[in-house]
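Comments concern the structure below.
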Amino acid sequence: AINTTITPKLSTSKLMFFVNINYGYIQNTGSIYFALREGSYNVDGLNGDSQAYGHRCFHQSRWSHGGSQQSEYTTKRAIINGAMVDAANTNARTYKIYIRVQTGGADFTINRDASDASDTNTGQHSPASNSYMTIMEVTDV
């Protein structure tokens, strides 16, 4: 799980988010949703605001094609780059990335593509990458 805890020093501060999730999947059709949550609640201002059209999320990937090979060796990215929300208080809170995969039998991975085959060029699995979430307190004091 990717989660980060922060305790703001000032209730008037803003919290600035930087999220980079590298992921892979194997499946012919499906959807993946990424949401940023505090506890079990989506964070307003960082996820979509309308539930009338589906899931509130900061990233969604949908696909439909003829063969899993087309997505097997692909690494995709879900990002938040500097979005801010009000701190509102000085209580510690933990933010986490919630991932929902809507498809049956899909291989879903974090930090690499979804292939289980070894890469003959390196003798290892396909190249790995890093995922992270950074939260900074921003104030004008």
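Computed from the coordinates by the stated procedures, all read-outs in this text should not be read as laboratory data. What you see is a predicted model; the values in this text were computed from it and never measured. Note that we place each Cβ from the backbone using ideal geometry, even for glycine, and neighbour counts take in every protein chain shown.
Structure data summary
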| item | result |
| --- | --- |
| Extended-chain gain in nm, criterion 0.36 nm per residue less alpha-carbon gap, Ser40 and Phe18 | 5.9 nm |
| Inter-probe distance in nm under a simple model that places probes 7 Å from Cα toward Cβ, at Asn89 and Gln60 | 3.2 nm |
| Estimated FRET transfer efficiency (Asn130, Thr4; beta-carbon r; R0 25 Å; 0.05) | 0.95 |
| FRET efficiency for Phe108 and Ile79, using Cβ-Cβ distance with R0 set to 22 Å, rounded to 0.05 | 0.80 |
